[in-house]
1. Run the numbers for Lys184 and Ser48: contour at 0.36 nm per residue of separation, minus the present Cα-Cα distance, in nm.
2. Suppose the chain between Ser174 and Gln435 were pulled fully straight at 0.36 nm per residue; how much longer would it get relative to their current alpha carbon spacing?
3. Loop only per DSSP, at most 15 neighbouring Cβ atoms within 10 Å: give me the GluC sites (Glu not before Pro) in region 112-195, ordered by residue number.
4. Report the calculated FRET efficiency for Asp297 and Leu261 (r = Cβ-Cβ distance, R0 = 25 Å), to the nearest 0.05.
5. Note down the relative contact order for the chain as a percent, whole number, built from C-alpha pairs under 8 angstrom at least six residues apart.
6. Between Asp217 and Asp132, what is the label-to-label distance in nm when each label sits 7 Å out along the Cα-to-Cβ direction?
7. With the crude spin-label approximation of a point 7 Å out along Cα→Cβ, what separation in nm comes out for Arg347 versus Thr316?
8. Tell me which trypsin sites (Lys or Arg not before Pro) from region 174-213 have a DSSP coil assignment and no more than 10 other beta carbons within 10 Å of their own.
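The values are calculated or read from the model by the stated rules, or taken from the named source; none is laboratory data. Because the structure is predicted, anything quoted here is derived from the model rather than measured. Positions of Cβ are generated from backbone atoms using ideal geometry, with glycine treated the same way; all protein chains shown enter the neighbour counts. Quick note on the areas: whole protein, heavy atoms, side chains included, nothing else; ligands and nucleic acids left out. Shrake-Rupley method; radii C 1.70, N 1.55, O 1.52, S 1.80 Å.
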Amino acid sequence: MLSVIEKAIEDEAKKRLARYSQAQYYKHKYASVFSKRTGSKAKLKPHSLPAAWDFHRQFDPRYCLNHSKFLSRGLWRSLQVGNYIPLEALRRSFPKPTGGVRIIDAFSIPDAAIAKIFAKNLIRRNAKAFSDASYAYQEGKTNLDAVLRLRTMIQGETVFVSQYDFTKFFDSISHVYLRNCLSKGGDFLTTTMERGVLSAVMTHTWRDLDGNVGVRDEGIPQGNSISLFLANVAAHSLDKDLGSLSGSFARFADDSVVVNLSYEDALKSSEAYARFSKISGVKINKVKSTGIRIFSDVPCEMAHIDEFSFLSYKFTRHGLGMSAKAEANIKRRCAKIMYNNLLLHLRRTKKLAAGRRGAGFVDWDLVTCVNELRRYIYGARRQDEIDDFLNGVGRIGRSTGAVGYFCLLEDSAKFRQLDGWLLHVLQAMYSRRLQLLPKKLKSSAKQISDEKLLSGEWYDFPAISMETSLPSFFTGWRAARKNFAKHGLGGVDPTGEGYAYE
């Protein structure tokens, strides 16, 4: 165990060091791109280390790498005698897109390593104890498994669909309730040492960068691996209650959908959620929870819905679609790529470096833009690789990118619409780019036709071979569908770029 802890500390330290190095890389990459595109030198902020590294030396990956053996020995002794207590966590708040803040407690590198070791062991040992309908934070289960299960559940003629979401699920779980769930002789297999670690993490101290301090007396910390196990433990009683009723359900963390064949069974499911809310201390989010609805295309004698969203998929009586939030997320990412490459620097500086435009290649920034769009939509695949695969030649490995996640969709209409949207927005941004060009370049600047933008024929520079045809959501989806048909979920990325947290 001592060597396992030492390696886990080193792995965690290297991961955080790599995260810092990556941030510095992108910082200097931006400066390089800025200078290349504008001909001006970028202004870089003075170099500084992350504030968390000064919070405590055990948050500094350099210190932890140099003292991993010493730190592992101390941790192992404290675990053996049962007095393990994590260092106070660094608390930070991040705004949510929907309003409010998300509180994240970051633990020291040694404590994060301990959490990962124990969480992995607990999840593996108790895998069979959890409900088959629970899909979050479990090995061998993915988002798409939950989507497939739910798709089969709603195929009856008359079904009642209920969606439930909890308010601040992680932050409000009762510690008394959790300890009862983890008590010796219960549903979960835990050792005395594991229960000690779980309790220590649940009641950890924290401090923020402003000097405010506190002790967690409810909820579980977001930012700690053990919380993933505890979240499923907390929901286990609800899963058991629902499992004993007529009907079926699918749950992913605090988001769940219940399908019943009668209104009476739907009421019993609703009562199960009310009971769980009462004993766990977690309140039901009434805004995101729809309550009981008939799943129907036509008006009924009671409230009905003709569609609902779950894990970025839209469920209708006619099949699966892409949720509005997932579509908006994809469009936002593509628009950002196009704006950053074509307009950002021109709007800020009104300058364009010599050599960025010219005969043949037309516009190097457009070349970069198209290739970044390709990486986002296709993943790490070239157009010819995708085309060969669709023509029955070769393999492309797992389908990734923005559309790989939507391999379960059978209708191509949404992807054809996205292709049209992409061409339209790219044309609009490129037109605006031409307007922003310096005066000496405007006279030779011409709009590229849709046909040439799609085919990439606007680029004609034999000295440097580049892939400039516009990527296609429809083509990427076809490849993902073929990969799914041949290899099942093993042929696609189940939590890829297309997934948007609902």
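1. 44.1 nm
2. Computed gain between Ser174 and Gln435 is 88.0 nm.
3. Here the sparse-neighbourhood loop sites are Glu139, Glu157.
4. 0.90
5. It rounds to 15 percent for the chain.
6. Each label point lies 7 Å from its Cα, and together they span 4.3 nm.
7. Output for this residue pair reads 3.4 nm.
8. Taking region 174-213 and a limit of 10 other Cβ atoms within 10 Å, the loop trypsin sites (Lys or Arg not before Pro) found are Lys184.
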